[in-house]
Protein chains: 2
Amino acid sequence: MAKAKNILFLMFDQLRWDYLSCYGQPHLETPNIDRLAAMGVRFDRCYIQSPICGSSRMSTYTGRYVHSHGASWNGIPLKVGEITMGDHLREAGMGCWLVGKTHMRVDAAGMARLGLAPDSIIGARVSECGFDVFERDDGMRPEGPNGMYDPDGAKVYNEYLRARGYESDNPWHDFANSGVDDEGNVLSGWFLKNSTEAANILERDSETPYLTRRGMEFMDGADAPWLCHLSYIKPHWPYIVPEPYASMYGPQHVPPPIRSQEEFDSAHPVLRAFMESPVGRAFSTDRVRNAVIPAYMGLIKQIDDQMGVLFQWLEDTGRMDDTMIVLTSDHGDFLGDHWLGEKTFFHDTSTRVPLIVYDPSPEADATRGTVSDALVESIDLVPTFIEVAGGQVPRHIVEGHSLLPILHGQATEMPRDFVICEYDYSAQPMAEKLGRTVRDAVLFMVADKDWKMVHAEGGFRPILFDLKNDPQELTDLGDSPDHAEVIAAMYEKLHRWTRRVSQRTTRSEEQLLNMRKNGRRTGVMLGLYDENDADLELTMFYRDRTAPNRKAGPEAG
Amino acid sequence: MAKAKNILFLMFDQLRWDYLSCYGQPHLETPNIDRLAAMGVRFDRCYIQSPICGSSRMSTYTGRYVHSHGASWNGIPLKVGEITMGDHLREAGMGCWLVGKTHMRVDAAGMARLGLAPDSIIGARVSECGFDVFERDDGMRPEGPNGMYDPDGAKVYNEYLRARGYESDNPWHDFANSGVDDEGNVLSGWFLKNSTEAANILERDSETPYLTRRGMEFMDGADAPWLCHLSYIKPHWPYIVPEPYASMYGPQHVPPPIRSQEEFDSAHPVLRAFMESPVGRAFSTDRVRNAVIPAYMGLIKQIDDQMGVLFQWLEDTGRMDDTMIVLTSDHGDFLGDHWLGEKTFFHDTSTRVPLIVYDPSPEADATRGTVSDALVESIDLVPTFIEVAGGQVPRHIVEGHSLLPILHGQATEMPRDFVICEYDYSAQPMAEKLGRTVRDAVLFMVADKDWKMVHAEGGFRPILFDLKNDPQELTDLGDSPDHAEVIAAMYEKLHRWTRRVSQRTTRSEEQLLNMRKNGRRTGVMLGLYDENDADLELTMFYRDRTAPNRKAGPEAG
């Protein structure tokens, strides 16, 4: 096999790490994804940088922590000036293309301030988080009393559906994400009870196969070298799947929730607010779990089947020989575990994601089929991709580290001793309930292989989990006097990180080192009493100069 | 007097807070600056954000900490995308003009990445730190074996000097910043022994009066409302001044250095490296102090005389009635105190600067001639100016706080309980000597009214000064076991600050609060089991929709 020429960067949305059979799911067989793992390295401790779509992705697409890029919640734009995967790859000579979802929100004010036209090449890339767009599909076209969440949501896909005969102003909702009853009433996928229904769409027209085909169309016509970010929407809500997947799983496949009454009763006030939110309450019920989880499993099974289609096509077209394949997710889904729904807290359920990397190059032969328990973060993908593209990782901009040393068997650990995840709930109702300002409604997670600590801004005690002895994270030791030293050590790690240099992005490490040596060589020489304090070369520009005496002259007009 | 319509923002470079008579200098009378203090408020505890020209100024011009904007040393460009004083003021309808120095280094790579042409209006402003330029004069045109430090240095001024008959390829150096001996040899101001000489230039042609005139020329023709940043180069080195100022002060006016042998012998390793640098060693000698300090005093006396000229002109032209005047400095100068020269450490000598604000509005009458000991930072000027311009301070971008409540007698303290100053020595030779990487060659100062602590990245103990009992900062208590609690409390403040939200600049606080309430109103509704879980208005878009059944149809081709 040859060195990777192209990169197929597959992302799923809200795909929980433990809902793939290679990661241990007991009822859901995902043989195609498992096959990719057998051909590459399966990372067992990959953490995302924020348990929310947009922020997690902005970190993945910039290689920088949320605290560095600032897009700390959905709908908070990535500011103009942030440097993206696309910027780095194009500089290294590789195209960077999008097919699917990014959750990017454009910084329109910043673009206007800098006079960037959205329809210029540069403006379009800035608007799309650095990607050139083959198809942008964020997979959501909700509407409410204040208008549409995203007027461009599912735009091309809706056109496709209409052309296929799905007549509606919003076939994304009425067919792809809803069921139908015998009288023709749409059973909206927004209502969780309808997750038991089959989506009212032919399987091949549903979102996952549609995006697979769009990805193949892109790759078929693309000029190498390229990175294709084939970014699927599913198994993200609305939780509803067409047949045959709708009937594959039932309540008998739903695992008992990972939770305890004690965990709820003694919950830290911030965690408790998440538990008591409408989402937390809903997913704590059996009726919701029994309706949603089988649909969620069906969506994942459909994904795996589509991976089968995709990988076969890559084999058949010879692309498997020169294409790195990366498969991951932007965060997990609590599904009722820990009395929570959705993804917005820090248990492994949400912050740990599947990550499988297949590298076709011979250097990776030694690690095929292995599992790495190195502490990996989503921000490690950008530097990995830059190296595959033949570029040099700009360490003054990118905060992650390349995975190639692990992929090539040269290392077993990453150059870090902790991972970071962040969450900003300043724009959520629970901030109001907890009486938090927009500045103190932020949370930080710091974790190593032994401990996970969550710091809540605003005067709260921390949350602490013993990952070794309590891997299900049921017992919060944040107020345990016996763990004061552990907590202090975790705070030391957190603060080492908060103090980090993250904004000095305009001078490289090499340039700074060079300045150490050559500071005086452009003539700024300080602390010299006379010519003897520095060698001739440095002072020659200030010696042997002559001038007429002007200081005694009259004050000329 | 009317409300301030315009703002004259005066900055001096390397002007030590205690070298003005209103701040207690015993030998140097500065009656004109003192008069401004009598008309306004003199701030006694104003701290800059970094003890180095460029970084201090980038904080002053953005209202943001160095850790937020990243331009952490001279020559590290302010990255494209950072929002400046000029951006804020123009949005509020006020022009923002430069006459003099900024030390801005353009982020040429960032501009190229975004396709910003340096000669476009927007590109020019981005290049000049947000200012429209009447005259840019960084006041330095040094040259060495590797070329010129700044090819545009003193460009207009050099043309002016040549037109005035100062013939040289670099009259800035040969006349304005050098003496001359009887044989016509240039005695370069770069060599400190020559600080005893008179600059070989008519006083009226030297830099300070030149910039005063240029400032008046700008104001004379400017369209109100304007902010004029009249930014003087002096008393910054080269330390040399023309007559009559050259003869005004002598060694008899040089105060003994503030230092002790114990301070040197027990110095923290990082501080010791600064003491042992060529600059520290030079300024620790009497020959350097006796040569330099009289010249430094002469430069300040010249400044004060020029302030007399300027303030008289403002009176005569009626501008004193509608112009806010702000006078400050970008940092101080050690001048041999604490075995240090230059400005690059954290004693008050360098990090505390004069700040005098004269507000012509009647609201400020109650505070004229008063002294404030509130904890003020340079980043407070941007929000002050925005409020004077009639704008609203964008708290999600600007990190400082307006001084108007103090100026108008509504408050005596600022809304903060500590100040921050930072220094990045990664590009300096002492980083090499101390074996520091470019990431751990950074320092943070946190100070309140009682204590000042310096944290050095890279595993060092902190430095601690007791400002109440040791105002001269001679005794470092950083390794005192008796002060462990104080140190912990100062670290708590530092880390509260390092965890702050500083990059979420694309959504205002108001927008975030609004999102709390209206999250569901664009149709993303989570955790609803059925229609009964939310009111009709929210769910109406998903009810009463009909569709033909498509799920049972054949898989069409």
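The values are calculated or read from the model by the stated rules, or taken from the named source; none is laboratory data. Because the structure is a prediction, the values reported are computed rather than measured. Positions of Cβ are backbone-derived with ideal geometry, glycine not excepted, and every protein chain shown enters the neighbour counts. Accessible surface is based on the protein model in full, side chains and every heavy atom, while ligands, DNA and RNA are left aside. Shrake-Rupley method; radii C 1.70, N 1.55, O 1.52, S 1.80 Å.
Here is how far apart the B:V309 label points are across copies: 8.0 nm, shortest first, using a point 7 Å from Cα toward Cβ. Dipole orientation for chain A: of the candidates A:I258, A:L536, A:V442, A:L536 has the Cα lying most toward the positive pole (charges on Cβ; Lys, Arg +1; Asp, Glu -1).
Projected onto the charge dipole of the stretch B:380-499 (+1 at Lys/Arg Cβ, -1 at Asp/Glu Cβ, origin at the Cα centre), which of B:V454, B:L381, B:V486 gives the Cα projection farthest towards the positive end? Ranked along the dipole, the leading option is B:L381. Between this copy and the others, label points of B:P429 are 6.5 nm apart in ascending order, each placed 7 angstrom from Cα in the Cβ direction.
Between A and B, roughly 11600 Å² of accessible area is buried in total, ligands, DNA and RNA not counted and the probe set to 1.4 Å.
Report summary: the helix-based calculation at 222 nm, which adds -39500 (n - 2.57) for every DSSP H run with n ≥ 4 and divides by the residues of chain B, gives -8500 deg cm²/dmol. A simple charge model with +1 on the Cβ of Lys and Arg, -1 on the Cβ of Asp and Glu and nothing else charged puts the dipole of the stretch B:394-453 at about 80 debye relative to its Cα centre. Backbone geometry of the stretch A:412-418 corresponds, through the Karplus equation with coefficients 6.51, -1.76 and 1.60 at θ = phi - 60°, to 3J(HN,Hα) couplings of 10, 10, 8, x, 8, 10, 6 Hz, x marking Gly and Pro.
Approximating the spin labels as points 7 Å out from Cα along Cα→Cβ, the B:D132-to-B:E509 distance works out to 3.1 nm. The alpha carbon radius of gyration of chain A, expressed as a multiple of 2.2 N^0.38 Å, is 1.10.
Per the rotation superposing chains A and B, the chain A residue found at the smallest beta carbon distance from the axis is A:G81, 1, distance in Å. Per residue of peptide A:509-520, the mean number of Cβ atoms on other chains within 10 Å of the residue Cβ is 6.
Computed from the C-beta positions of B:V309 and B:A38, the FRET efficiency with R₀ = 22 Å rounds to 0.75. With both residues required to sit in the protein assembly as shown, DSSP beta bridges show an antiparallel share near 50%. Taken residue by residue and averaged, Cβ atoms of other chains lying within 10 Å of the Cβ of A:489-495 number 2. Pairs exceeding 31 Å between alpha-carbon atoms, taken from A:K517/B:K343; A:K5/A:K468; A:K234/A:K452: A:K5/A:K468. When only the Cβ of Lys, Arg, Asp and Glu is charged (+1, +1, -1, -1), the dipole of the protein assembly as shown relative to its Cα centre reaches about 480 debye.
Cross-link reach is defined here as a Cα-Cα straight distance under 19 Å, omitting same-chain residues fewer than 8 places apart; for A:K3 the aspartates and glutamates meeting it are A:D223, A:E315, A:D316, A:D321, A:D322, A:D359, A:E363, A:D365, A:E387. Counting only DSSP beta bridges with both residues in chain A, the antiparallel share comes to about 50 percent. Put simply, the amide H of A:K5, placed in the peptide plane, has neighbours under 5 Å in A:T323, A:M324, leaving out anything fewer than 5 places away on its chain.
Given in Å, the Rg to one decimal and the Dmax to the nearest whole number for the Cα atoms of the protein assembly as shown are 32.3, 109.
Per the 1.4 Å probe, what fraction of the accessible area of the stretch B:221-319, in percent, lies on carbon and sulfur atoms? Looking at the stretch B:221-319 in its full context, I get 51 percent from C and S.
In this simple spin-label approximation, A:E537 and A:D119 carry label points 7 Å from Cα along the Cα→Cβ vector, and these lie 5.7 nm apart. Across the options B:L474, A:P151, A:F12, the greatest Cα extent toward the positive end of the charge dipole of the protein assembly as shown (unit charges at beta carbon of Lys, Arg, Asp, Glu) belongs to A:P151. The charge dipole of the stretch A:185-313, taken about the Cα centre with unit charges on the Cβ atoms of Lys, Arg (+1) and Asp, Glu (-1), comes to about 300 debye, rounded to the nearest 20. With a 10 Å cut-off around each Cβ of A:526-537, the average count of Cβ atoms from other chains is 6. Normalised radius of gyration (Cα atoms, divided by 2.2 N^0.38 Å) for the stretch B:256-362: 1.42. In the stretch A:1-44, the inverse of the mean reciprocal separation of distinct Cα atoms equals 12.0 Å; this is its Kirkwood hydrodynamic radius. Averaging the Cα positions of each part gives two centres, and for the stretch B:203-245 and the stretch B:401-438 these lie 27 Å apart.
Taking 45 Å as R0, compute the FRET efficiency from the Cβ-Cβ separation of A:R287 and B:R496 and round it to 0.05.
With R0 = 45 Å, the Cβ-Cβ based efficiency is 0.55.
Can you give me the accessible area per residue for chain A, using a 1.4 Å probe, in Å²? With all protein chains present, chain A gives 33 Å² per residue.
Label-point distances for B:R521 to the equivalent site in the other copies, using a point 7 angstrom along Cα→C-beta, read 6.2 nm when ranked shortest first.
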